[in-house]
1. Taking the options Ile220, Ile238, name whichever one is within 27 Å of Met45 (Cβ to Cβ) and out of contact with any Gly (no Cβ under 7 Å at 6 or more places or on another chain).
2. Looking for something among the aliphatic types (A, V, I, L, M) and either in contact with a Phe, Trp or Tyr (Cβ under 6 Å, 6 or more places away or on another chain) or farther than 30 Å from Ala16 by Cβ (or both) - is there at least one such residue anywhere in the stretch 141-152?
3. Just a yes or no: is a residue in the stretch 133-143 within 27 Å of the chain's Cα centre (by Cα) and modelled with pLDDT of 90 or more?
4. So, in the stretch 85-97, of the ones that are within 12 Å of Tyr143 (Cα to Cα) and free of Cβ contacts under 8 Å to residues at least 60 places away in the same chain, which residue ends up surrounded by the most Cβ atoms within 10 Å (Cβ to Cβ)?
5. Quick check, is Ala221 of a type in the set (A, V, I, L, M) and part of a loop (DSSP other than H, G, I, E, B)?
6. Considering only the stretch 78-125, how many residues are within 15 Å of Ala172 (Cα to Cα) and either among the charged types (D, E, K, R) or in a helix (DSSP H, G or I) (or both)?
7. Restricting the search to the stretch 98-147, which residues are of a type in the set (Ser, Thr, Tyr) and surrounded by fewer than 16 Cβ atoms within 10 Å (Cβ to Cβ)?
8. Given the conditions (1) under 24 Å from Val195 (Cβ atoms); (2) hydrophobic (A, V, I, L, M, F, W, C); (3) modelled with pLDDT under 90, report the number of the one that Ala60 does not fulfil.
Amino acid sequence: MSHWVVLSIAMAAACAVVLTIVVINQRRVAEDDDPTETPDVLEYMTMMIGVVYAIVLGLAIAGVWEGRSSAQESVRQEAQALHEVDVRVEVWPAAVRERVRSDVRAYVRQVTGPEWRSMAERGELTEEGGALLAQVRRSVTDYEPATDHEGEAYQPLVDQVAAVDDARGSRADNAGSTMPGVVWFGLIIGALVTVGLIFTLQIRRTFRELLLAGLFSALIAFLLFLIWALDAPFGMGISATREPFELLFPDVAR
């Protein structure tokens, strides 16, 4: 099911629940009830709880967005370092050059294929990807430069392989969910409390009041969905992409 379909269902369900409760609750209100009798302190508490929850939502969104950005940056660094290996090895003999490039492409194929699916589904990297990176490292470090020109390229190539390994480790750290379960518990309970408090203000069945109640509940549902979609940087609709690999290795990553 598409994430946008899930969002639409969640927002519609939130509106339907809130409006249904408002309508049912209004039928139970006595005819002589005066909605202006809502205590001022109740309005103040409702406002303050809403403000506090808005701050918490903002921090949660900032946190998951930072995690998503960090994941995308690790992908960019990994792809760029691999590209540098692919280009810098040009000065080495043809047999060595082709072996290194073949190993690099095998690793890219694994990362953008099975490993990417593993990150999306299970939030973890594959052992095969680690083995292929180790093969790239061996192909680079096992060669003994025969000339000074080849020797000048040796250390930069080793450094770029180390950069790939470092970026891969960062990608592994960002592969899983970034939001602890206790935070999700607080967000959901806070949403229920915040939406529930609007019923303390004696909402009537006027179009304006029903519209505002529905829009408010839909907004809360949308923000929670946004946090959920960004929570797993490689697993949801608003996730990190393989674009850096696709741009630098178009013949392999697509």
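The values are calculated or read from the model by the stated rules, or taken from the named source; none is laboratory data. Please read these numbers as outputs of a predicted model, since none were measured by experiment. A quick note on method: Cβ atoms are made from the backbone with ideal geometry, for glycine too, and the neighbour counts reach across all protein chains shown.
1. On the way: Ile238 fails: within 27 Å of Met45 (Cβ to Cβ).
Answer to the check: Ile220.
2. The first filter runs over the stretch 141-152 and keeps only residues among the aliphatic types (A, V, I, L, M), leaving 146.
Right, trim to either in contact with a Phe, Trp or Tyr (Cβ under 6 Å, 6 or more places away or on another chain) or farther than 30 Å from Ala16 by Cβ (or both) and you get 146.
The answer is yes; a qualifying residue exists.
3. Our first condition is that a residue be within 27 Å of the chain's Cα centre (by Cα); within the stretch 133-143, this holds for 133.
Cutting the leftovers down to modelled with pLDDT of 90 or more gives us 133.
Within the stretch 133-143 (the criterion being within 27 Å of the chain's Cα centre (by Cα) and modelled with pLDDT of 90 or more), the answer is yes, since at least one residue qualifies.
4. First, the residues of the stretch 85-97 that are within 12 Å of Tyr143 (Cα to Cα): 89, 92-93, 95-97.
Within this subset, residues satisfying the condition of being free of Cβ contacts under 8 Å to residues at least 60 places away in the same chain are 93, 95-97.
Values: Pro93: 13, Ala95: 9, Val96: 18, Arg97: 16.
The qualifying residue surrounded by the most Cβ atoms within 10 Å (Cβ to Cβ) is Val96.
5. Values: of a type in the set (A, V, I, L, M): yes; part of a loop (DSSP other than H, G, I, E, B): no.
Spelling it out, it is not the case that Ala221 is of a type in the set (A, V, I, L, M) and part of a loop (DSSP other than H, G, I, E, B).
6. So the first thing to find is which residues in the stretch 78-125 are within 15 Å of Ala172 (Cα to Cα), and the list is 78-79, 110-112, 114-125.
In the following step, the residues that additionally are either among the charged types (D, E, K, R) or in a helix (DSSP H, G or I) (or both) were identified as 78-79, 110-112, 114-122, 124.
The total comes to 15.
7. Pass one, the stretch 98-147, residues of a type in the set (Ser, Thr, Tyr): 102, 107, 112, 118, 126, 139, 141, 143, 147.
Ser102, Thr141, Thr147, listed by residue number.
8. It is condition (3) that Ala60 fails.
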